[in-house]
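These notes concern the structure reproduced below.
Every number in this text was worked out from the coordinates using simple rules, so none of it is lab data. Predicted model only: the values in this text are computed from it and were never measured. Cβ atoms come from the backbone with ideal geometry, glycine included; neighbour counts cover every protein chain shown.
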Ligand SMILES: [Zn+2]
């Protein structure tokens, strides 16, 4: 059976676990109305995505 040659340092293990840590979603501002929007998602307030109307939003 394959066995690690050296003990993994605490730093190494922690670096790996840090990759699985929860991070707040990155928000960008809408090009059309300026509200905060999730990336790769149409704006829920104006319905625009990449400068184009893709949703009909009730006023
Ligand atoms: Zn918008």
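Pick from 29, 11, 45: which is most flexible by mean-square fluctuation in a GNM of the chain where alpha carbon atoms under 10 Å apart are linked?
Of the options given, 11 has the highest mean-square fluctuation.
Over the chain, calculate the relative contact order: mean separation of alpha carbon pairs under 8 Å at least 6 apart, over the residue count, as a percent. Numbers along the way, then the final one.
Numbers: 46 pairs, mean separation 10.4, N = 59.
Relative CO of the chain lands at 18 percent.
Can you give me the orientation-averaged projected area of the convex hull built on the Cα atoms of the chain, in nm²?
Its Cα hull, projected and averaged over all orientations, spans 7.6 nm².
Counting other beta carbons within 10 Å of each Cβ, put 16, 23 in order, fewest first.
23, 16
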